[in-house]
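Below is one structure, written out as structure tokens, with a few remarks after it.
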Amino acid sequence: MRINALVLRIMKQFYRDKRTLALMILAPILILTLVNLVFNGDDYETKIGLINVPEPISTAFEKEDLRTSIYKSETTAIASLKNGDIDAYFAVENGKTKLMVEGSDPSISKATIAKVQEAIQNLSPNETAINVDAFYGSIDMKQFDSFGPILLGFFAFFFVFLVAGVSFLRERTTGTLERLLSSPIRRWELVLSYIIGFGLFTMLQSGIIVFYSVYILHMSNVGSILYVLLITLLLALVALTLGILLSSFANNELQMIQFIPIVVVPQVFFSGLFNLDTISSAISWISYLTPLYYAANALREVMIRGNGFMEIIGSLSILLGYSIVLMIINIFALKKYRSI
């Protein structure tokens, strides 16, 4: 009898908390749907530029499912390589062959090298080894060095989002926020104070994560460490303002954690950790809405490609824009608590 009463109480508790009940069903469905669309996408089609390449070799490449483009000079091929239009270029000069892969993604580089070698071997079994080089990094780049910048951004985003959301929620549930709002302090001053207060710890956390990854784990970084810190800090600022905003819609820590599969996990699929060219076009546009996508792009530009400020200013501007917009929304969101 006592067991029945306890079971009935738990069932009533779940029935009253309809959001938890809905998330228990909808969150796994959402994640599984994304996994299905991401991993059951199209096969990646390797794109390769050809310079002074005879027709038989070009035909052999096409038989290996390599999408070829003709370039008149190495300069124009390098420009396309930098823009991401091609994954590699193959040149023939004075009877010698040269394959230059883009290099930032080891899986694409290895697949390209294997297909080119297979095509050449099929065409001429006695052909000597091809001279292979990587434009960024090296042909021996490890997966950790390729995915490291994305994971660096993800962990910075995840923990700042969680800590900021739960901390601000406690300020509200313990009555601290109401007492502050009953004082003459303005809403924008309150939001700015919280952002600066949490932001100081965010800066410390971002700095420790970056230095540990680069100098202890030896994550590949050929660019400026200051740019890496700047990108991580701006991403953490987005996570901070987003966590504070969403905490307004949570009544306890459990409800705050429930936002993770809705807000954080989908960003992983669109961050570049998986090849976005193979993801279904029906959902690939979502990547342009996620802050982690821009942070991951900027981190890879700096850490793998060694690019500078001008190459990442677009991503930095978008991250800063996200932070400003979320700060403004937070100021308006506080209005409902001041009326209490």
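The values are calculated or read from the model by the stated rules, or taken from the named source; none is laboratory data. Computed from a prediction, not measured in an experiment: that's the story for all the values here. A quick note on method: Cβ atoms are made from the backbone with ideal geometry, for glycine too, and the neighbour counts reach across all protein chains shown. Ligands, DNA and RNA are stripped out before the accessible areas are found, and what is left, the full protein with its side chains, is counted by its heavy atoms. Shrake-Rupley method; radii C 1.70, N 1.55, O 1.52, S 1.80 Å.
Could you tell me the calculated FRET efficiency between Ser317 and Ala79, based on Cβ-Cβ distance and R0 = 25 angstrom, to the nearest 0.05?
0.55
Could you work out what % of the accessible surface of segment 1-157 is carbon and sulfur, using a 1.4 angstrom probe and leaving DNA, RNA and ligands out of the count? Intermediate values should be presented prior to the final figure.
Working: 5510 of 9560 Å².
The nonpolar share, carbon plus sulfur, comes to 58 percent.
For segment 29-124, what Kirkwood radius comes out of the mean inverse Cα-Cα distance, in Å?
14.3 Å
Within segment 36-80, which GluC sites (Glu not before Pro) sit in a loop by DSSP and count at most 11 neighbouring Cβ atoms inside 10 Å?
Here the sparse-neighbourhood loop sites are Glu45.
Sorting check: for 153-163, 301-311, which peptide has the highest mean count of neighbouring beta carbons within 10 Å, and how do the rest follow?
Output ranking for 153-163, 301-311: 153-163, 301-311.
Going from most exposed to least, what order do Met141, Met327 have by accessible area with a 1.4 Å probe?
Order by accessible area, largest first: Met327, Met141.
If you take the Cα Rg of segment 181-340 and divide it by 2.2 N^0.38 Å, with N the number of residues, what do you get?
1.15
Please state the Cα pair-distance histogram of segment 87-205 with 5 angstrom bins from zero: what percent is in each bin?
2, 9, 13, 12, 9, 7, 6, 6, 6, 6, 6, 6, 5, 3, 2, 1, 0
What translational diffusion coefficient, to the nearest whole µm²/s, does segment 281-340 have by Stokes-Einstein, given a Kirkwood radius computed over alpha-carbon pairs, a temperature of 4 °C and 1.567 mPa s viscosity?
On the way: Rh = 13.6 Å.
Approximately 95 µm²/s, per Stokes-Einstein.
How far is the Cα center of segment 37-98 from the Cα center of segment 285-340, in Å?
Spelled out, the Cα-based centre of one part sits 34 Å from the other.
Could you tell me how many degrees, from 0 to 90 and to the nearest 10, lie between the Cα long axis of helix 18-39 and the main elongation axis, the longest principal axis, of the Cα atoms of the chain?
Orientation of helix 18-39: about 0 degrees from the principal axis.
Tell me, what is the percent relative contact order of segment 257-340, built from C-alpha pairs under 8 Å that lie six or more residues apart?
22 percent
May I ask you to compute the full-extension gain from Glu189 to Asp277, defined as 0.36 nm times their residue separation minus their alpha-carbon distance, rounded to one decimal in nm?
So the chain would gain 27.3 nm between Glu189 and Asp277.
Taking Cα pairs under 8 Å and at least six residues apart, what relative contact order does the chain come out at, in percent?
Values: 437 pairs, mean separation 66.7, N = 340.
Reported relative contact order: 20 percent.
Dividing the alpha-carbon radius of gyration of segment 189-279 by 2.2 N^0.38 Å (N being the number of residues), what value is obtained?
Here the answer is 1.30, to two decimals.
For Asp145, Asp85, Asp42, give the ranking by accessible area with the largest first, probe 1.4 Å.
So, going from the largest accessible area down, we get Asp42, Asp85, Asp145.
For Ile139 paired with Met310, estimate the spin-label separation in nm (one decimal), with each label point 7 Å from Cα along the Cα-to-Cβ line.
Simple spin-label model gives 3.1 nm for this pair.
Quick check: pseudo-label points 7 Å beyond the Cα along Cα→Cβ at Ile225 and Glu93, how many nm apart are they?
3.7 nm
Leaving out ligands and nucleic acids, note down the accessible area per residue over segment 113-256 with a 1.4 angstrom probe, in whole Å². Before the final figure, lay out the partial values.
Working: 7180 Å² over 144 residues.
Roughly 50 Å² per residue, with all protein chains present.
Can you give me the solvent accessible area of Arg186 with a 1.4 Å probe, rounded to the nearest 10 Å²?
Taking all protein chains as shown, Arg186 has close to 140 Å².
At 1.4 Å probe size, what's the solvent-accessible area of Lys82? Round to the nearest 10 Å².
The accessible area comes out at roughly 120 Å².
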